[in-house]
1. Highest first, please rank the peptides 294-300, 171-177 by the mean number of other Cβ atoms sitting within 10 Å of their residues.
2. For the stretch 172-326, compute the orientation-averaged projected area of the C-alpha convex hull (one quarter of its surface), in nm².
3. Can you work out ³J(HN,Hα) from phi for every residue in the stretch 132-137, in order, using Karplus 6.51 cos²θ - 1.76 cosθ + 1.60 and θ = phi - 60°, giving whole Hz and x for Gly and Pro?
4. Out of residues 5 or more away from residue 85 or on other chains, whose amide H comes under 5 Å of its own, with H placed 1.01 Å from N in the peptide plane?
5. Quickly rank 363-375, 208-220 as a protection proxy: mean count of other C-beta atoms within 10 Å, highest first.
6. Can you list the equivalent-ellipsoid semi-axes of the stretch 301-377, largest first and in whole Å, using the square root of 5 times each Cα gyration tensor eigenvalue?
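All of the numbers you see were taken from the coordinates with simple rules; none came from a lab. For clarity, every value in this text was computed on a predicted model and none was experimentally measured. Using ideal geometry, Cβ is built from the backbone for each residue, glycine included, and neighbour counts are taken over all protein chains shown.
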Amino acid sequence: MAATLAELGCEVCHVERPGEVVPGSSRHRPTLVVIAFAAVQADAVFSDIDRMRQADRRLPILLVVGQSSESIAIAALRAGVKDYFPEPLDHAALATSARRCLAAIGTRSAGAAPTARPESARPGSFVGESESTRRIRSCLINLARHDATVLVTGETGTGKELAATLIHDGSARRRARFVSVNCAAIPEGLLESELFGYESGAFTGAARAREGLLQLADHGTVFLDEIGEMGSHAQAKMLRALEAREIYRLGGRNPVRLDVRVIAATNQDLERAVEEGRFRRDLYFRLNVARVHLPPLREHPSDIASLIDHGLRELNIRHSCRVEGFTDEALQGLLTYDWPGNVRELKNLLEAIFVSSPPARIAPENLPDAFRQRLRSVCSVPEAERRRIVEALLATNWNKSRAAELLSWSRMTVYRKIAKYSVVRSVDPLVRPAADTSVARTLARSGPPVATGAPRSPARVGGRAAAEKDGLPAP
């Protein structure tokens, strides 16, 4: 267990007995406490937890329990424990929970023990520890080792240019230029001359020859953002440049040899654009050699806390502030919001908050007025959250561990929300448990569903045998 925490960059301080936990926490001022104990030690452990929570209610505590039971889980819920794990211990699950807790702590005030920073939170990297974000980081590292053309897809604000930059910075071309071109921002009549350059006298006002952006990126990387907005004539010339590795300047007669890597990006459905004749099929196949898709933020909401922590850390340095984080109410609103503008919208929100000289803990009233109005226009937070919990429990036949995985929550969060919203099982002999895999896939793939009237009635699933198997008294 100590080795698992050390791999996260934590300095581990170890004590032997429950009675030493409180003195140890006072002496070392930890950012995370993990307590492993047997069931017979539960009373002493929860006494220690109460004392630590009185000293610092923000201190995250994880429990590793031998011979776990429902009564210990309920006691942990009431004590404010973030997560607990039965033995034998799943070290990967412990590491994931510890990362989540450390990311959610936020930037501590000066003089406090520093929060362990995951490798993903380094400047210029994809921040987050969700499965999709880890997979993307691994894919970008692999693509940096090869020199293939790459097509990056995803909604606006998901970080397509950052992905291209990371590929270039990790490649053998990193000492040469990285040239970014926004195809949508350059008028179609000027795009050709900007990309390929022109000779003197090629058109009125061309007093002297000029290199194009592709030639400026020679031996480096050119990033063609919004490639779907490129006109048909420029597409034809781009296709030739990719195939022949040479270009002709506007008005030029002699080819210019190029050694450049092309990374293209789009928020459009290029396959549909090809079928509709708006994008050349041959150019599409030439660009789509290697492909990276960046999912919208609503599909990996477990990364929001890490993104907030990373953003606060950078803005605190830039503005010389000491903002520690958000209040629980404000953070709940951010976690429930669907972020149509994705990571860019979240980053812009944090910057807008800092412009207004925020307090140490950002409350809902410190959020910009326009954002608060958008939050109010979204479905009711409690109703939407209750509906998500019920759907996850129904989809997993009331298996709380699997429901927590679907929701990207810890098990303790699931217990806490079940108690908060009074979600209970009831017995109906005519209702059979339904392992609704379609619902499970939807929950795993998407963020909070839009509630059009969340169910007020209790979740009805299973029978007496299922209730007793789960450790709950059957009604």
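1. Values: 294-300: 19.9, 171-177: 15.0.
Order by mean packing, descending: 294-300, 171-177.
2. On the way: hull surface 53.3 nm².
Taking the Cα atoms of the stretch 172-326, their convex hull projects to 13.3 nm² on average.
3. Calculated HN-Hα couplings, in order: 5, 5, 4, 5, 5, 4 Hz.
4. 63, 64, 65
5. Numbers: 363-375: 14.2, 208-220: 17.1.
Per-residue mean Cβ counts within 10 Å order the peptides as 208-220, 363-375.
6. Working: eigenvalues 65, 38, 27 Å².
Taking √(5λ) for each eigenvalue gives 18, 14, 12 Å, largest first.
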